[in-house]
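See below for the structure under consideration.
The values are calculated or read from the model by the stated rules, or taken from the named source; none is laboratory data. None of the values given here were measured: they were computed from a predicted structure. Every residue, glycine as well, gets a Cβ built from its backbone with ideal geometry; the counts of neighbours run over all protein chains shown.
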Amino acid sequence: MILQVSDINVSFQKTKVLNNVSLAVSKGETVGIIGPNGSGKTTFFNTLSGFVTPSSGAIKLNREDITRATPDYRARLGMGRVFQNFGIFKEMTLLENLLVAFEASEGLLAAILPWGRQARSNRAKALEYLEEIQLASRANVKAGSLSGGQMRLLEIVRVLASGAEVLLLDEPTAGVSPRMKEEVAMFISKVQALGKTVLVIEHDITFIQKFCKRIVVLESGAVVLDDTPDRVCADERLQEVYFGGSRGV
């Protein structure tokens, strides 16, 4: 297992937000995380990425205990996250956004020696990534000029450029047009083909069915379903979760 979550609990003041959540994810697996607003999805990602420390339980990445590790240490171990709100540097060009990711993962040598072999290699790799999302022709324009869907794609390739092996995608279709949703889904499938491990928070179950073979449903901070998309959709508890209400955070 590349990611092992064991009985994690999180409370804010006296409100329990995650309740004995356990999840084991194999290398190369893509898992959809769904649930109504307030079910604990974002808190779960915040806990995985190190922005929230659980009161109990454990998180292991590649068998290393990272329960109390900092976000930057987790990133160095290969955990990358795309946030719900756009996190790209809008005043930088697309190329610069990717070069920053390379430099963050490799140290400052490429930045100090922009004419060196490593810098040239990073530039070539960055252009290859941009070609994959059909944005190589816009490599030198500011990222803020992109559409919402294009920004999502740039964020995902930037996480890949940082060396991530486990990607946490928090609502990657938020603010994205229906046409660009298809492109985002196609690119996530490409990420799968690279052998990366992907966890996706989404409200659109139809979207995640395109590439997820497993869906986890959270309700009031607890895992209530963990199965294939077909079985989850056919389970009566899914209707109860969405129409019965949730009081988590």
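Observations on the structure shown:
- Subset of the stretch 163-181 [closer than 28 Å to ALA24 by Cα, surrounded by 20 or more Cβ atoms within 10 Å (Cβ to Cβ) and more than 13 Å from the chain's Cα centre (by Cα)]: none
- When the stretch 193-227 is limited to residues that are buried (at least 18 other Cβ atoms within 10 Å of the Cβ) and part of a helix (DSSP H, G or I), the one that is farthest from the chain's Cα centre (by Cα) turns out to be PHE207.
- Residue in the stretch 163-180 that is among the β-branched types (Val, Ile, Thr), closer than 25 Å to GLY50 by Cβ, part of a helix (DSSP H, G or I) and in contact with a strand residue (DSSP E or B) (Cβ under 6 Å, 6 or more places away or on another chain) present: no
- Residues of the stretch 187-208 classified as modelled with pLDDT under 90 and in contact with a strand residue (DSSP E or B) (Cβ under 8 Å, 6 or more places away or on another chain), total: 2
- Within the set SER137, SER189, SER145, the sole residue that is touching a residue at least 12 places away in the same chain (Cβ under 8 Å) and more than 13 Å from the chain's Cα centre (by Cα) turns out to be SER189.
- Matching residues, the stretch 119-150, being over 24 Å from VAL191 (Cβ atoms) and at pLDDT below 90: ALA119, ARG120
- Test set (1) crowded, with 20+ Cβ neighbours inside 10 Å; (2) touching a strand residue (DSSP E or B) at 6+ places or on another chain (Cβ under 8 Å) - VAL184 fails condition number: (2)
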